[in-house]
1. What does the charge dipole of segment 10-243 about its Cα centre add up to, to the nearest 20 debye, if the Cβ of each Lys and Arg holds +1 and the Cβ of each Asp and Glu holds -1?
2. Net charge around Thr67, counting only other residues with Cβ within less than 10 Å of its Cβ (Lys, Arg = +1; Asp, Glu = -1)?
3. Once amide H atoms are built 1.01 Å from N in the peptide plane, which residues 5 or more positions from Thr73, or in another chain, come under 5 Å H to H?
4. Using helices alone, what [θ] at 222 nm do you get for the chain, with -39,500 (n - 2.57) per DSSP H run of 4 or more residues, divided over all residues and rounded to the nearest 500?
5. What number comes out for the charge environment of Ala85, summing +1 per Lys or Arg and -1 per Asp or Glu over other residues with Cβ under 11 Å away?
6. By average Cβ neighbour count within 10 Å, what is the ranking of 196-207, 156-167, 37-48, 3-14 from highest down?
7. If we count every other residue with Cβ under 12 angstrom of Arg45's Cβ, Lys/Arg +1 and Asp/Glu -1, where does the sum land?
8. Can you sort Phe229, Phe117 from fewest to most other Cβ atoms within 10 Å of each residue's own Cβ?
Amino acid sequence: MTVILKDKERIDDLQRNGYRIIQHPEKFCFGMDAVLLSGFAAARRGDQVLDLCTGTGILPILMEARTEAAHLTGVEIQEESADMARRSVLLNGLEKKIDIVTGDIREADSYFASASFDVITCNPPYMIGKHGLTNPQAPKAIARHEILCTLEDVVGQTARLLKPGGHFYLVHRPFRLAEILTALAGHKLEPKRMRLVYPYVDKEPNMVLIEAVRGGKARMTVEKPLIIFTQPGVYTEEIRERFGY
């Protein structure tokens, strides 16, 4: 299908099923965190999947490529990003499998029925306070800072929309790990699996991947560390084999 690009937009190859994505390099492009979350998350045949803070739709598209989910929905508050996501869905002929909703995730429970999703994913804004914040209205600032939603908003809405026994997959920053686990437990989303991501084997982790189950029993598996690079510009064997880099 022919899709019209707007000023300064580009089309990038996702190296999955021939899928491509529309991005605007001066505003916001997906990063390694989204790719890793798509590989960490799981969905079974017939599952209904919701992606909160979907941005340009990278998570629904990648998860459609690697799972047998029945349907995927992305929610994004920034209309420009949501528009790019919709056009990427059309570009890939996925309009029957993926919906993109423009909306505030703080009101997600007014868009969808309670306990209606088997799987929820989220790559939310990580930063709190004014660290590195220059223009609070800029698309990148909204995507990276807790300006329009907080961790509590994400977890609270997930607890309302996830079915009992449903799975929640989150990528975040390790410096907020205590806060994340406390928030999950407070909403009866039991952390079941965690994996720390390291840029290099001798560096501190800069991402954490977490799986939680609504109403799950208290027991969490901490998986082996995931290392991204062996040296600058050279991905580890696991990243190459599992994620196609």
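Computed from the coordinates by the stated procedures, all read-outs in this text should not be read as laboratory data. Only a predicted model underlies this, so the values are computations on that prediction, with no experimental measurement involved. In this analysis, Cβ positions are derived from the backbone assuming ideal geometry, glycine residues included, and neighbour counts consider all displayed protein chains.
1. Working: 30 positive and 30 negative charges, 104 e Å.
Value, rounded to 20: 500 debye.
2. Values: positive: Arg44, Arg45, Arg66; negative: Asp47, Glu64, Glu68.
With Lys, Arg at +1 and Asp, Glu at -1, the net is 0.
3. Correct list: Val49, Leu50, Asp51, Asp99.
4. Numbers: 8 runs with 69 residues, N = 245.
Mean residue ellipticity, 222 nm, calculated: -8000 deg cm²/dmol.
5. Details: positive: Arg86, Arg87; negative: Asp51, Glu76, Glu79, Glu80, Asp83, Asp99.
Around Ala85, the charge tally is -4.
6. Numbers: 196-207: 14.8, 156-167: 20.5, 37-48: 18.3, 3-14: 12.4.
Ranked by mean Cβ neighbours within 10 Å, highest first: 156-167, 37-48, 196-207, 3-14.
7. Working: positive: Arg44; negative: Asp47, Glu68, Asp118.
My count for the surroundings of Arg45 gives -2.
8. Details: Phe229 15, Phe117 24.
Arranged by neighbour count, lowest to highest, Phe229, Phe117 become Phe229, Phe117.
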